[in-house]
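First the structure, in the form of structure tokens, and then the observations on it.
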Amino acid sequence: MNDLVVKVNIVHTPVLLQECLTLLSPVGEPFESNALMVDSTLGEGGHTNAFLEKYPTLTVIGLDRDASIQQKAKIRLARFGDRVHFYNTWFNDFYKSYPENEKKPDIILFDLGISVYHYEESKRGFSFRYDEALDMRLNADNGLSASDIVNTYTEKQIADLIYLYGEERYSRQIAKAIVKARSANQIDSSKALADIIYSAVPAQYRHGGIHPATRTFQALRIAVNSELKRLPEALQSAFDVLNVGGKMGVITFHSLEDRIVKNYFRNLEKQCVCPPEFPKCVCGGCPCCSLINRKPVLPSQTEINYNSPSRSAKLRVIRKLRDASERNLLGIAGEGY
């Protein structure tokens, strides 16, 4: 291993780290000594750093769409040399175009939480605690910014977005206040938006367990980066390229993304996935995965105490038994078609 160690300011603490190291370990059958892992959400490289340290024959591919945070990971992980490879891309695009002749990954990890780096250092308006440009794009060169949305969407569109992606019960009041405020001045900063939201909600809501702007900012971030639209495609494509016998783990932080992951994993585990109107099974009745943990793994109180962003984290892990397409082929062949 390269002895180079370069200091870089790390602000994000990886969640459920020990649980990931244990449940996704490349140890025993069917893993080879040179197992390949894909960290689909590299960030500052916390999970990857721990995996490379603990498993000395492991190689990791690290994905991140944000080039600035990936640069921090490159510096942090430089000491591992060619055991880690970097791709600046959306994870759904990476798995969808995974080369057929490349070695398939044995481990795939998704950590769907936003990095503390984006709140504290990116200066893109992810946090309502700072007065920053209201952007929220992980790829600053593409698509609409949060400012574009709050200044151009209709009141109904804003209300629906905040309700759907933020599960915010005061979405209509907030949307109405946003549209009223922008008629006087364009909303360009995170602090300006947070102040509008704070004034729009009932007084008792301002002093709850979370800041009243939390859910709206979450909704805007999800919309700007198409997070929930990318996830189903990414899960399916990632499962397709995962080695049979390999493991995939997903850490979620809110109910919308956890529901997507839970339902996808349950469908893969089902004995039969034929539509209910079919008179008999034609899919083969073969599960494509086994659930390594039947219920999601939650952070301990100790972890929550020292790393508060972990409080809403859930980890689900599966082991691949066969390709999803194989189940259908088995069923068709069994029927003699």
Only four residue types carry charge here, +1 at the Cβ of Lys and Arg and -1 at the Cβ of Asp and Glu. Report the dipole size of the stretch 1-92 about the Cα centre in Debye, rounded to the nearest 20. 340 debye
In whole percent, the fraction of accessible protein surface over the stretch 51-142 that belongs to carbon or sulfur atoms, probe radius 1.4 Å, stands at 46 percent
Contour minus Cα-Cα distance for residue 277 and residue 133 (0.36 nm per residue): 46.6 nm
Surface share of carbon and sulfur [accessible, 1.4 angstrom probe, percent] for the stretch 201-271: 47 percent
With a 10 Å radius around each residue's Cβ, average the other Cβ atoms per peptide and rank 124-132, 223-231, highest first. 124-132, 223-231
In debye to the nearest 20, the charge dipole size for the chain, taken about the Cα centre with +1 at each Lys and Arg Cβ and -1 at each Asp and Glu Cβ, equals 820 debye
Packing-ranked peptide list from 28-37, 133-142, 79-88, highest mean Cβ count within 10 angstrom first, is 133-142, 79-88, 28-37
Antiparallel bridge percentage (DSSP; both residues within the chain; nearest 5): 40 percent
Tell me the per residue accessible area of the chain using a 1.4 Å probe; a whole number in Å² is fine. 49 Å²
Let me have the 222 nm mean residue ellipticity of the chain computed from DSSP H runs of 4+ only, each contributing -39500 (n - 2.57), with the sum over all residues rounded to the nearest 500. -12000 deg cm²/dmol
Treating cross-link reach as a plain straight distance, find the lysines whose alpha-carbon is under 17 Å from the alpha-carbon of residue 295, omitting any fewer than eight places away in the same chain. 247, 262, 270, 314
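The values are calculated or read from the model by the stated rules, or taken from the named source; none is laboratory data. All values derive from a computational prediction rather than experimental measurement. With ideal geometry, Cβ positions are generated from the backbone for all residues, glycine too; neighbour counts draw on all protein chains shown. To get the accessible areas, we keep the full protein, side chains included, count just its heavy atoms, and leave off ligands, DNA and RNA. Shrake-Rupley method; radii C 1.70, N 1.55, O 1.52, S 1.80 Å.
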